[in-house]
Each structure stands twice: as C-alpha cells, then as structure tokens.
1. What's the ranking of 200-206, 15-21 by average number of surrounding C-beta atoms within 10 Å, highest first?
2. Of the listed peptides 143-156, 39-52, what is their order by residue-averaged count of other C-beta atoms within 10 Å, with the highest listed first?
3. May I ask you to derive the FRET efficiency for residue 3 and residue 91 from their Cβ-Cβ distance with R0 = 25 Å, giving the value to the nearest 0.05?
4. If amide hydrogens are placed 1.01 Å from N in the peptide plane, which non-local residues have theirs closer than 5 Å to the one on residue 17?
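Read-outs: derived from the displayed coordinates by stated rules, not from any lab. Keep in mind it's a predicted model, so treat the numbers as computed, not measured. As a convention, Cβ positions derive from the backbone with ideal geometry for all residues, glycine included, and neighbour counts pool all protein chains shown.
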Amino acid sequence: MRRIETALLDGTWPPGTRLPAERVLAGQYEVARNTVREAIQRLAARGLLQSRRGAGVYATDQLRAGIASPWGQLVADHPALRDDILEFRRVLEGATAYFAALRADAADVKRIRALMAELERARAADDKQAEADADAQLHDAIAQASHNTMFLHLHTSVIGMLREHITINGTGLREQDDGASDLLLLQHRTLCDAICARRPEEARTAMQTHIDFVRSRVEQDGA
C-alpha cells in the first residue's frame, strides 16, 4: 500500500491514470495478488483510487484537490489572495526548477525537451491553445523532475488554482498580447536549457524571471 501511495505522490500515476493489472503489480512488488487487491481496496476507501467495473483501477484527483478546494472560489473572488499565490508561486517554482536541474534523470530530460519542442511547434503554427497546453505540461514535467514529493504536490495544487481562475495565465495572456507568445517562448527555452544542462542557479533565475513577467502582466491588466 505504501509503495502504491508513493507512486501516486511522486507523479508516477497522475490523476486519471489506469494502474497496471493486479498480476503486474504483484510481480513488480513481489507479493501475492491478494496483497495487491487488499492494498487497492484500502486506498480506494480513502478516495485515492477508484475501481471501475470492467475498466480497471484509476488514480483519482483526491491529492490534487486537497489544497485547491475550497480555495478555488476564494482565489476568484479576492484579488489580494491571488497576488499572494503568484508571489508564492515565484518562490515555489524557482526552487522546483533549481532541484530539477540537480536531479532530473534521463527520462525527465527527454520529457522536458519533447514538451519544449511541442511548445516551439505550437508557436510556429500560432496555435495559442496548444501553446498553453504545452506550457502547462512543461511546468508539470519540471515539478516532477525535482523528485520532491512536496514540491510536486504543492505545484499541482497551486498552479491548478491559477489555471482555473486567472484567465490571463496561459491562453489568456497570449490572446491579449500576441507579442507575449514570443517572450514566453524565449523564457521557456532559457529555462529548459538551464535544467537540461544541469545549471541549478540559472534554472531558478530563469523560472523566477518567467513568473515575474506573468505577475507584471496580471498587475498591468488589473486582473
């Protein structure tokens, strides 16, 4: 049960992911299938997993929702709180980028480079929704590459609130100012280069520069 919890916490199985079959998990963990079944039942009782008849077992968004709700509506209704979260995001994501540069393994680097390439393609095609999606996935990949469970959890919760309730982030910022897309692309490229080259201080500075840019646009538009 603890090993499954760890996989849920460290992002191995994000919300909505179907878990491997019982026999696969039993072989992976070197335990009996009954042991796997009992662990799944306990985690399902806590809301971390969901068994769907005939479809398998899936990770829920319970961990993600733990902080975001009931904060979501408060963020939407109180601009001062939103400003506090953006300030916190600067510190959190700066540290996340720092540790990602220190700890990213080969799979992390491959994922980050692939998402950066997708961001480049979306920008070349002027597909703002695809840009926003790749942007979000890239930040998630960097958080996962930090290999720190708390960074990953806090990132998922805090960024989830911002994406849902601040339209200027992501697609909104790009739609309001087409030139912002070029600046955002350059910021992400600098960030990814620093992480993949394992330069932690440069990665932190690049991330904080990026967040400062987003914050400045939020303040300018009074959103």
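1. 200-206, 15-21
2. Numbers: 143-156: 20.4, 39-52: 15.6.
Packing proxy ranking, top to bottom: 143-156, 39-52.
3. Efficiency at R0 = 25 Å is approximately 0.20.
4. Amide H neighbours of residue 17, under 5 Å, 5+ apart: 59.
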